[in-house]
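Shown next, in C-alpha coordinates, is the structure this report addresses.
The values are calculated or read from the model by the stated rules, or taken from the named source; none is laboratory data. Predicted, not measured: the structure shown is a model, and the values here were computed from it. Here the Cβ positions follow ideal geometry from the backbone for every residue, glycine too, while neighbour counts run over all protein chains shown. With ligands, DNA and RNA removed, areas are computed over all heavy atoms of the protein, side chains included. Shrake-Rupley method; radii C 1.70, N 1.55, O 1.52, S 1.80 Å.
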Amino acid sequence: MKIKSKVSIALMLVVSLVGFMLAVQYNSLNHQPAERDTRDIWAIRNEIAEQKQAQSELLKEIRDMDHTLYTYERAKSEDPEMALIETVDDLKKRAGFTSLTGPGIEIEIQPSPESIALGLPIETIPADLLTRFINDVNRMSGLIIEIDSKRYTILSAIRDINGVTTVNGLNVKNPPFTIKIVTETFEDSEKVYNYLLASPLHDDFYIDNLIIDIHEPSEQIELNGWTERVDMMYLQQLPKGDN
Amino acid sequence: MWLPLLGLLIGISLGLLSDLQIPSVYSNYLSIAVLAALDTLFGGIRAHLQQVYDDKIFISGFFFNIILAASLAFLGVHLGVDLYLAAVFAFGVRLFQNIAIIRRILLTKWSERAEEKKRGEIEESQDVEKL
(Lines give C-alpha, C1' and ligand atoms only; values in the text may rest on other atoms or scores of the structure.)
Protein backbone atom coordinates (compact mmCIF):
# COMPACT_ATOMS: atom_id res chain seq x y z
CA MET A 1 0.00 0.00 0.00
CA LYS A 2 2.83 2.31 0.91
CA ILE A 3 4.64 1.66 -2.37
CA LYS A 4 1.48 2.29 -4.34
CA SER A 5 0.82 5.65 -2.68
CA LYS A 6 4.43 6.64 -3.32
CA VAL A 7 3.95 5.77 -7.00
CA SER A 8 0.77 7.77 -7.14
CA ILE A 9 2.36 10.86 -5.62
CA ALA A 10 5.32 10.75 -8.00
CA LEU A 11 2.93 10.19 -10.89
CA MET A 12 0.74 13.04 -9.74
CA LEU A 13 3.66 15.40 -9.58
CA VAL A 14 4.85 14.42 -13.03
CA VAL A 15 1.37 14.56 -14.49
CA SER A 16 0.72 17.97 -12.97
CA LEU A 17 3.99 19.20 -14.45
CA VAL A 18 2.95 17.81 -17.84
CA GLY A 19 -0.42 19.54 -17.52
CA PHE A 20 1.26 22.78 -16.56
CA MET A 21 3.58 22.64 -19.53
CA LEU A 22 0.69 21.81 -21.85
CA ALA A 23 -1.31 24.74 -20.51
CA VAL A 24 1.61 27.14 -20.90
CA GLN A 25 2.19 25.92 -24.44
CA TYR A 26 -1.50 26.37 -25.19
CA ASN A 27 -1.39 29.85 -23.70
CA SER A 28 1.61 30.89 -25.74
CA LEU A 29 0.25 29.51 -28.99
CA ASN A 30 -3.18 31.06 -28.60
CA HIS A 31 -2.17 34.47 -27.41
CA GLN A 32 -0.02 35.65 -30.26
CA PRO A 33 0.20 39.41 -30.05
CA ALA A 34 -2.28 40.97 -32.43
CA GLU A 35 -0.75 42.95 -35.26
CA ARG A 36 -0.17 46.38 -33.90
CA ASP A 37 -1.57 49.42 -35.60
CA THR A 38 1.50 51.61 -35.75
CA ARG A 39 0.06 54.37 -37.88
CA ASP A 40 0.32 57.79 -36.38
CA ILE A 41 -2.52 60.26 -36.33
CA TRP A 42 -1.59 61.78 -39.67
CA ALA A 43 -1.54 58.46 -41.45
CA ILE A 44 -5.01 57.74 -40.08
CA ARG A 45 -6.23 61.19 -41.06
CA ASN A 46 -4.88 60.56 -44.53
CA GLU A 47 -6.86 57.36 -44.74
CA ILE A 48 -9.99 59.13 -43.55
CA ALA A 49 -9.45 61.83 -46.17
CA GLU A 50 -9.12 59.19 -48.88
CA GLN A 51 -12.29 57.47 -47.77
CA LYS A 52 -14.13 60.76 -47.61
CA GLN A 53 -13.07 61.58 -51.12
CA ALA A 54 -14.28 58.19 -52.31
CA GLN A 55 -17.54 58.83 -50.50
CA SER A 56 -18.04 62.21 -52.11
CA GLU A 57 -17.27 60.75 -55.51
CA LEU A 58 -19.83 58.04 -54.99
CA LEU A 59 -22.38 60.60 -53.83
CA LYS A 60 -21.73 62.65 -56.93
CA GLU A 61 -22.23 59.58 -59.09
CA ILE A 62 -25.51 58.86 -57.33
CA ARG A 63 -26.60 62.44 -57.90
CA ASP A 64 -25.80 62.16 -61.61
CA MET A 65 -27.72 58.91 -61.85
CA ASP A 66 -30.64 60.48 -60.04
CA HIS A 67 -30.57 63.33 -62.49
CA THR A 68 -30.63 60.96 -65.46
CA LEU A 69 -33.46 59.05 -63.84
CA TYR A 70 -35.34 62.27 -63.28
CA THR A 71 -34.82 63.23 -66.91
CA TYR A 72 -36.22 59.91 -68.02
CA GLU A 73 -39.19 60.24 -65.67
CA ARG A 74 -39.95 63.68 -66.99
CA ALA A 75 -39.44 62.51 -70.54
CA LYS A 76 -42.00 59.76 -70.08
CA SER A 77 -44.70 62.36 -69.87
CA GLU A 78 -43.09 64.92 -72.14
CA ASP A 79 -40.72 64.21 -74.97
CA PRO A 80 -38.80 60.92 -74.88
CA GLU A 81 -36.65 61.91 -77.84
CA MET A 82 -35.27 64.98 -76.11
CA ALA A 83 -34.20 62.89 -73.12
CA LEU A 84 -32.47 60.37 -75.32
CA ILE A 85 -30.64 63.08 -77.28
CA GLU A 86 -29.58 64.64 -74.00
CA THR A 87 -28.28 61.29 -72.77
CA VAL A 88 -26.44 60.62 -76.01
CA ASP A 89 -24.89 64.08 -75.87
CA ASP A 90 -23.84 63.52 -72.31
CA LEU A 91 -22.33 60.15 -73.17
CA LYS A 92 -20.54 61.58 -76.18
CA LYS A 93 -19.12 64.32 -73.99
CA ARG A 94 -17.94 61.79 -71.45
CA ALA A 95 -16.45 59.54 -74.10
CA GLY A 96 -14.52 62.50 -75.47
CA PHE A 97 -16.18 62.93 -78.87
CA THR A 98 -16.97 66.59 -78.51
CA SER A 99 -14.61 69.50 -78.55
CA LEU A 100 -14.78 71.58 -75.42
CA THR A 101 -13.40 74.64 -73.72
CA GLY A 102 -12.83 75.00 -70.02
CA PRO A 103 -10.45 75.98 -67.26
CA GLY A 104 -7.20 74.11 -67.35
CA ILE A 105 -3.46 74.16 -67.83
CA GLU A 106 -1.04 73.71 -70.66
CA ILE A 107 2.13 71.75 -70.22
CA GLU A 108 4.96 71.94 -72.65
CA ILE A 109 7.41 69.06 -72.91
CA GLN A 110 10.74 70.43 -74.07
CA PRO A 111 14.24 69.08 -74.56
CA SER A 112 16.43 70.08 -71.63
CA PRO A 113 18.85 72.99 -72.17
CA GLU A 114 21.77 70.73 -71.26
CA SER A 115 20.97 68.27 -74.03
CA ILE A 116 20.69 71.17 -76.50
CA ALA A 117 24.03 72.57 -75.35
CA LEU A 118 25.67 69.18 -75.73
CA GLY A 119 24.08 68.73 -79.11
CA LEU A 120 22.33 65.50 -78.22
CA PRO A 121 19.77 64.32 -80.78
CA ILE A 122 16.20 65.08 -79.75
CA GLU A 123 14.29 61.84 -79.54
CA THR A 124 10.64 61.06 -79.14
CA ILE A 125 9.33 60.85 -75.59
CA PRO A 126 9.45 57.23 -74.33
CA ALA A 127 5.99 55.63 -74.19
CA ASP A 128 6.38 54.42 -70.62
CA LEU A 129 7.40 57.89 -69.45
CA LEU A 130 4.29 59.38 -71.06
CA THR A 131 2.17 56.61 -69.51
CA ARG A 132 3.73 57.36 -66.14
CA PHE A 133 2.93 61.02 -66.51
CA ILE A 134 -0.69 60.33 -67.49
CA ASN A 135 -1.14 57.84 -64.65
CA ASP A 136 0.29 60.28 -62.17
CA VAL A 137 -1.90 63.14 -63.32
CA ASN A 138 -4.97 60.92 -63.60
CA ARG A 139 -4.89 60.29 -59.87
CA MET A 140 -6.98 63.42 -59.68
CA SER A 141 -10.43 62.66 -60.93
CA GLY A 142 -12.40 64.58 -63.52
CA LEU A 143 -9.48 65.52 -65.74
CA ILE A 144 -9.73 65.70 -69.52
CA ILE A 145 -6.39 65.32 -71.23
CA GLU A 146 -5.10 65.99 -74.69
CA ILE A 147 -1.61 64.96 -75.76
CA ASP A 148 -0.20 66.78 -78.80
CA SER A 149 -3.72 67.53 -80.12
CA LYS A 150 -4.80 63.93 -79.63
CA ARG A 151 -7.63 63.51 -77.19
CA TYR A 152 -6.81 61.01 -74.45
CA THR A 153 -9.95 58.99 -73.62
CA ILE A 154 -10.50 55.83 -71.63
CA LEU A 155 -10.02 53.87 -74.84
CA SER A 156 -6.80 55.61 -75.78
CA ALA A 157 -3.58 53.69 -75.81
CA ILE A 158 -0.06 55.03 -75.52
CA ARG A 159 2.19 52.67 -77.44
CA ASP A 160 5.66 52.47 -78.83
CA ILE A 161 5.37 51.60 -82.51
CA ASN A 162 8.74 51.06 -84.17
CA GLY A 163 10.46 53.41 -81.78
CA VAL A 164 7.87 56.15 -82.19
CA THR A 165 5.51 56.93 -79.34
CA THR A 166 1.87 57.06 -80.42
CA VAL A 167 -1.39 58.07 -78.82
CA ASN A 168 -4.54 56.57 -80.37
CA GLY A 169 -2.25 55.17 -83.08
CA LEU A 170 -1.08 58.65 -84.12
CA ASN A 171 2.54 59.71 -83.73
CA VAL A 172 3.46 62.13 -80.99
CA LYS A 173 5.77 64.89 -82.22
CA ASN A 174 9.35 65.02 -81.06
CA PRO A 175 9.61 67.53 -78.21
CA PRO A 176 8.60 70.26 -77.87
CA PHE A 177 4.89 69.44 -77.84
CA THR A 178 2.04 70.38 -75.53
CA ILE A 179 -0.21 68.44 -73.23
CA LYS A 180 -3.46 70.13 -72.29
CA ILE A 181 -5.44 69.31 -69.20
CA VAL A 182 -8.96 70.62 -68.64
CA THR A 183 -10.54 70.41 -65.22
CA GLU A 184 -14.03 70.96 -63.91
CA THR A 185 -13.27 74.16 -62.07
CA PHE A 186 -10.51 76.73 -62.03
CA GLU A 187 -9.61 75.70 -58.47
CA ASP A 188 -9.01 72.18 -59.70
CA SER A 189 -6.71 73.57 -62.38
CA GLU A 190 -4.72 75.37 -59.71
CA LYS A 191 -4.55 72.17 -57.72
CA VAL A 192 -3.19 70.24 -60.70
CA TYR A 193 -0.79 73.09 -61.42
CA ASN A 194 0.57 73.10 -57.88
CA TYR A 195 0.74 69.34 -57.79
CA LEU A 196 2.74 69.20 -61.00
CA LEU A 197 5.09 71.97 -59.90
CA ALA A 198 6.18 69.91 -56.93
CA SER A 199 5.94 66.54 -58.60
CA PRO A 200 8.88 64.11 -58.78
CA LEU A 201 7.94 63.67 -62.45
CA HIS A 202 10.44 66.42 -63.25
CA ASP A 203 13.28 64.11 -62.29
CA ASP A 204 11.84 61.26 -64.33
CA PHE A 205 11.66 63.50 -67.36
CA TYR A 206 15.11 64.91 -66.81
CA ILE A 207 16.65 61.42 -67.05
CA ASP A 208 15.37 61.34 -70.64
CA ASN A 209 16.78 64.82 -71.30
CA LEU A 210 13.34 66.42 -71.17
CA ILE A 211 11.86 69.15 -69.01
CA ILE A 212 8.25 69.92 -68.19
CA ASP A 213 7.27 73.53 -68.65
CA ILE A 214 3.98 74.06 -66.84
CA HIS A 215 2.04 77.16 -67.83
CA GLU A 216 -0.14 79.01 -65.37
CA PRO A 217 -3.78 77.89 -65.21
CA SER A 218 -6.07 79.66 -67.62
CA GLU A 219 -9.85 79.93 -67.86
CA GLN A 220 -10.04 79.03 -71.53
CA ILE A 221 -8.30 75.92 -72.76
CA GLU A 222 -9.63 74.39 -75.91
CA LEU A 223 -9.63 70.63 -76.51
CA ASN A 224 -10.37 68.76 -79.71
CA GLY A 225 -12.79 65.89 -79.77
CA TRP A 226 -11.80 62.37 -80.65
CA THR A 227 -12.19 62.17 -84.38
CA GLU A 228 -11.97 58.44 -84.91
CA ARG A 229 -14.85 56.02 -84.65
CA VAL A 230 -14.97 53.83 -81.58
CA ASP A 231 -15.04 50.19 -82.51
CA MET A 232 -17.36 48.21 -80.33
CA MET A 233 -16.15 44.66 -80.39
CA TYR A 234 -18.54 43.20 -77.88
CA LEU A 235 -21.54 45.52 -77.88
CA GLN A 236 -24.26 44.99 -80.47
CA GLN A 237 -27.24 47.04 -81.49
CA LEU A 238 -30.57 45.47 -80.66
CA PRO A 239 -33.08 45.16 -83.49
CA LYS A 240 -35.71 47.89 -83.34
CA GLY A 241 -39.05 47.27 -81.64
CA ASP A 242 -37.83 44.52 -79.35
CA ASN A 243 -38.54 44.75 -75.68
CA MET B 1 -6.12 6.27 -9.86
CA TRP B 2 -7.76 9.60 -9.14
CA LEU B 3 -4.57 11.20 -7.84
CA PRO B 4 -2.82 11.53 -11.26
CA LEU B 5 -6.04 12.86 -12.78
CA LEU B 6 -6.26 15.42 -10.00
CA GLY B 7 -2.62 16.28 -10.67
CA LEU B 8 -3.37 16.81 -14.36
CA LEU B 9 -6.31 19.06 -13.53
CA ILE B 10 -4.24 21.05 -11.05
CA GLY B 11 -1.40 21.44 -13.55
CA ILE B 12 -3.65 22.56 -16.40
CA SER B 13 -5.65 24.99 -14.28
CA LEU B 14 -2.48 26.40 -12.77
CA GLY B 15 -1.04 26.93 -16.23
CA LEU B 16 -4.20 28.50 -17.62
CA LEU B 17 -4.93 30.66 -14.59
CA SER B 18 -1.38 31.95 -14.21
CA ASP B 19 -1.66 33.15 -17.82
CA LEU B 20 2.02 32.45 -18.22
CA GLN B 21 3.31 32.88 -21.75
CA ILE B 22 6.66 32.07 -23.23
CA PRO B 23 8.07 33.87 -26.26
CA SER B 24 7.34 32.10 -29.54
CA VAL B 25 11.10 31.61 -30.02
CA TYR B 26 11.13 29.17 -27.12
CA SER B 27 7.86 27.41 -27.91
CA ASN B 28 9.89 24.77 -29.77
CA TYR B 29 11.72 23.87 -26.58
CA LEU B 30 8.55 23.69 -24.56
CA SER B 31 6.75 21.50 -27.08
CA ILE B 32 9.66 19.07 -27.15
CA ALA B 33 9.78 19.11 -23.33
CA VAL B 34 6.07 18.25 -23.27
CA LEU B 35 6.74 15.38 -25.64
CA ALA B 36 9.60 14.11 -23.48
CA ALA B 37 7.42 14.36 -20.39
CA LEU B 38 4.61 12.42 -22.05
CA ASP B 39 7.07 9.77 -23.15
CA THR B 40 8.41 9.37 -19.62
CA LEU B 41 4.90 9.32 -18.23
CA PHE B 42 3.74 6.51 -20.48
CA GLY B 43 7.01 4.69 -19.88
CA GLY B 44 6.29 4.91 -16.15
CA ILE B 45 2.76 3.61 -16.56
CA ARG B 46 4.05 0.70 -18.62
CA ALA B 47 6.75 -0.10 -16.08
CA HIS B 48 4.14 0.04 -13.33
CA LEU B 49 1.92 -2.42 -15.21
CA GLN B 50 4.89 -4.73 -15.83
CA GLN B 51 5.81 -4.46 -12.14
CA VAL B 52 9.31 -3.14 -12.83
CA TYR B 53 8.54 0.42 -11.71
CA ASP B 54 11.28 2.29 -9.90
CA ASP B 55 10.71 5.70 -8.40
CA LYS B 56 14.26 6.93 -8.95
CA ILE B 57 14.36 5.83 -12.58
CA PHE B 58 11.03 7.41 -13.24
CA ILE B 59 11.77 10.82 -11.71
CA SER B 60 15.34 10.99 -13.00
CA GLY B 61 14.22 9.85 -16.47
CA PHE B 62 11.54 12.51 -16.50
CA PHE B 63 13.88 15.43 -15.86
CA PHE B 64 16.83 13.97 -17.75
CA ASN B 65 14.76 13.39 -20.89
CA ILE B 66 13.34 16.90 -20.78
CA ILE B 67 16.75 18.47 -20.36
CA LEU B 68 18.28 16.27 -23.05
CA ALA B 69 15.52 17.08 -25.54
CA ALA B 70 15.71 20.80 -24.85
CA SER B 71 19.48 20.85 -25.16
CA LEU B 72 19.28 18.86 -28.38
CA ALA B 73 16.87 21.45 -29.76
CA PHE B 74 19.18 24.23 -28.54
CA LEU B 75 22.15 22.61 -30.23
CA GLY B 76 20.12 22.17 -33.39
CA VAL B 77 19.21 25.85 -33.47
CA HIS B 78 22.85 26.84 -33.13
CA LEU B 79 24.09 24.35 -35.68
CA GLY B 80 21.40 25.25 -38.17
CA VAL B 81 20.16 21.65 -38.29
CA ASP B 82 16.67 20.76 -37.15
CA LEU B 83 18.01 18.42 -34.48
CA TYR B 84 14.84 18.67 -32.45
CA LEU B 85 13.25 16.52 -35.14
CA ALA B 86 15.49 13.68 -33.95
CA ALA B 87 14.06 14.04 -30.47
CA VAL B 88 10.53 14.29 -31.82
CA PHE B 89 11.07 11.12 -33.82
CA ALA B 90 12.64 9.16 -30.96
CA PHE B 91 10.02 10.20 -28.43
CA GLY B 92 7.22 9.71 -30.91
CA VAL B 93 8.26 6.15 -31.69
CA ARG B 94 8.74 5.33 -28.01
CA LEU B 95 5.40 6.88 -27.16
CA PHE B 96 3.64 4.64 -29.64
CA GLN B 97 5.53 1.57 -28.45
CA ASN B 98 4.76 2.25 -24.81
CA ILE B 99 1.09 2.86 -25.52
CA ALA B 100 0.93 -0.35 -27.57
CA ILE B 101 2.46 -2.36 -24.71
CA ILE B 102 0.10 -0.76 -22.19
CA ARG B 103 -2.85 -1.63 -24.43
CA ARG B 104 -1.74 -5.26 -24.72
CA ILE B 105 -1.20 -5.63 -20.98
CA LEU B 106 -4.60 -4.14 -20.24
CA LEU B 107 -6.26 -6.35 -22.86
CA THR B 108 -4.75 -9.55 -21.45
CA LYS B 109 -5.73 -8.45 -17.95
CA TRP B 110 -9.32 -7.86 -18.99
CA SER B 111 -9.61 -11.12 -20.91
CA GLU B 112 -8.14 -13.01 -17.96
CA ARG B 113 -10.61 -11.37 -15.64
CA ALA B 114 -13.50 -12.20 -17.97
CA GLU B 115 -12.38 -15.84 -18.14
CA GLU B 116 -12.12 -16.08 -14.40
CA LYS B 117 -15.59 -14.66 -14.04
CA LYS B 118 -16.92 -17.18 -16.54
CA ARG B 119 -15.18 -20.04 -14.75
CA GLY B 120 -16.58 -18.84 -11.48
CA GLU B 121 -20.08 -18.79 -12.90
CA ILE B 122 -19.72 -22.31 -14.27
CA GLU B 123 -18.41 -23.57 -10.94
CA GLU B 124 -21.31 -21.88 -9.17
CA SER B 125 -23.84 -23.49 -11.47
CA GLN B 126 -22.15 -26.87 -10.97
CA ASP B 127 -22.39 -26.36 -7.20
CA VAL B 128 -26.08 -25.52 -7.55
CA GLU B 129 -26.62 -28.67 -9.64
CA LYS B 130 -24.79 -30.74 -7.02
CA LEU B 131 -27.07 -29.35 -4.36
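Being of a type in the set (Asp, Glu) and under 30 Å from the mean Cα position of the chain (by Cα) is the filter here, so list the residues in segment A:42-84 that pass it. So that I can check it myself, show each step before the final result.
Narrowing segment A:42-84 to residues of a type in the set (Asp, Glu): A:47, A:50, A:57, A:61, A:64, A:66, A:73, A:78-79, A:81.
Matches in segment A:42-84: A:Glu47, A:Glu50, A:Glu57, A:Glu61, A:Asp64, A:Asp66.
Out of segment B:24-37, which residues are of a type in the set (A, V, I, L, M, F, W, C), without any contact (Cβ under 8 Å) to a residue 60 or more places away in the chain and more than 7 Å from chain A (Cβ to nearest Cβ)?
Let us first name the residues in segment B:24-37 that are of a type in the set (A, V, I, L, M, F, W, C), namely B:25, B:30, B:32-37.
Filter once more, keeping what is without any contact (Cβ under 8 Å) to a residue 60 or more places away in the chain: B:25, B:30, B:32-34, B:36-37.
Listed by number, the residues that qualify are B:Val25, B:Ile32, B:Ala36.
If you go through segment A:85-121 and keep only what is modelled with pLDDT of 85 or more, in contact with a Phe, Trp or Tyr (Cβ under 8 Å, 6 or more places away or on another chain) and closer than 18 Å to A:Glu222 by Cβ, you end up with A:Pro103, A:Ile105, A:Glu108. Taking segment A:23-47 as the region of interest, how many residues are out of contact with any helix residue (DSSP H, G or I) (no Cβ under 6 Å at 6 or more places or on another chain), closer than 25 Å to B:Ser27 by Cα and aliphatic (A, V, I, L, M)? Within segment A:23-47, residues that are out of contact with any helix residue (DSSP H, G or I) (no Cβ under 6 Å at 6 or more places or on another chain), closer than 25 Å to B:Ser27 by Cα and aliphatic (A, V, I, L, M) number 2. Just one of (1) open to solvent by less than 70 Å² (accessible area, probe 1.4 Å); (2) at pLDDT 80 or above; (3) within 14 Å of another protein chain (Cβ to nearest Cβ) fails for A:Tyr26. It is (1).
Check segment B:69-86 and report whether any residue there is surrounded by 15 or more Cβ atoms within 10 Å (Cβ to Cβ), within 11 Å of another protein chain (Cβ to nearest Cβ), without any contact (Cβ under 8 Å) to a residue 12 or more places away in the chain and of a type in the set (A, V, I, L, M). No, segment B:69-86 has no match at all.
Filtered by the rule that a residue be in contact with a Gly (Cβ under 7 Å, 6 or more places away or on another chain), of a type outside the set (A, V, I, L, M, F, W, C) and at pLDDT below 90, segment B:78-122 gives B:Asp82, B:Tyr84. The residue of segment B:10-23 that is least open to solvent (accessible area, probe 1.4 Å), among those that are within 7 Å of chain A (Cβ to nearest Cβ) and touching a Ser or Thr at 6+ places or on another chain (Cβ under 9 Å), is B:Gly11. Quick check: is even one residue across segment A:57-79 surrounded by 11 or more Cβ atoms within 10 Å (Cβ to Cβ), within 22 Å of A:Tyr195 (Cα to Cα) and either in contact with a Phe, Trp or Tyr (Cβ under 8 Å, 6 or more places away or on another chain) or modelled with pLDDT of 85 or more (or both)? Yes: segment A:57-79 contains one or more residues that are surrounded by 11 or more Cβ atoms within 10 Å (Cβ to Cβ), within 22 Å of A:Tyr195 (Cα to Cα) and either in contact with a Phe, Trp or Tyr (Cβ under 8 Å, 6 or more places away or on another chain) or modelled with pLDDT of 85 or more (or both). Only a single item in (1) farther than 18 Å from A:Met21 by Cα; (2) touching an Asp or Glu at 6+ places or on another chain (Cβ under 7 Å) is not met by B:Arg46, and it is number (2). Give the number of residues within segment A:189-210 that are touching a residue at least 40 places away in the same chain (Cβ under 8 Å) and open to solvent by 50 Å² or more (accessible area, probe 1.4 Å). Looking only at that region, the number is 5. Considering only segment A:122-175, give the strands (runs of 3 or more DSSP E) lying wholly within it that have at least 3 residues that are at pLDDT 85 or above and over 26 Å from A:Gln53 (Cβ atoms). Once the strands (runs of 3 or more DSSP E) in segment A:122-175 are filtered for at least 3 residues that are at pLDDT 85 or above and over 26 Å from A:Gln53 (Cβ atoms), what remains is A:158-161, A:164-167.
I'm checking my understanding of the structure. Among residues of segment A:89-106 that are of a type in the set (A, V, I, L, M, F, W, C) and in a strand (DSSP E or B), which one is least open to solvent (accessible area, probe 1.4 Å)? Only one residue tops the list, namely A:Ile105.
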